[in-house]
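Remarks on the structure that follows.
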Amino acid sequence: MALALAVAATFAAGTVAVQAKPVKCYGVSLKGKNDCGTKLHACAGQSTKDYDPTEWIYVKAVKNENGAVIEPAKDVCQSLKDKVAKLK
């Protein structure tokens, strides 16, 4: 009952719940800073060049001080990709 009221209050206030799970963000990691393996190697930290499009890092959502998501992880990833594109 309390959960139902909380959900109803959230939607009544005009806010939408956003999933805060991290996403894999490809092409933005620095050499040796990737989060996991690819078809070229088996583990994290083994990338051999900066911004390799086959390498990825986990990116989390940006949250405010109350823990509410203010920028979804997919948007954070896109912002990183945009910055990398300007460097190339």
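The values are calculated or read from the model by the stated rules, or taken from the named source; none is laboratory data. All of these numbers come straight from a predicted model, not from anything done at the bench. FYI the Cβ positions are ideal-geometry reconstructions off the backbone, even for glycines, and counts take in every protein chain you see.
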If I filter region 71-88 down to residues being assigned to a helix (DSSP H, G or I) and charged (D, E, K, R), which single residue comes out as farthest from V23 (Cα to Cα)? K86
Determine if region 48-61 includes at least one residue that is part of a loop (DSSP other than H, G, I, E, B) and among the aromatic types (F, W, Y). yes
Out of the residues in region 37-73 meeting the condition of being among the aliphatic types (A, V, I, L, M) and within 16 Å of the chain's Cα centre (by Cα), tell me which one is farthest from L87 (Cα to Cα). A68
Residue that is touching a helix residue (DSSP H, G or I) at 6+ places or on another chain (Cβ under 7 Å), of a type in the set (A, V, I, L, M, F, W, C) and under 19 Å from A20 (Cα atoms), where the choices are A68, A61: A61
Within region 38-51, which residues are at pLDDT below 95 and surrounded by 14 or more Cβ atoms within 10 Å (Cβ to Cβ)? T38, H41, A44, Q46, S47
For the structure I just gave you, tell me whether S29 is at pLDDT below 95, of a type in the set (G, A, S) and at negative phi. no
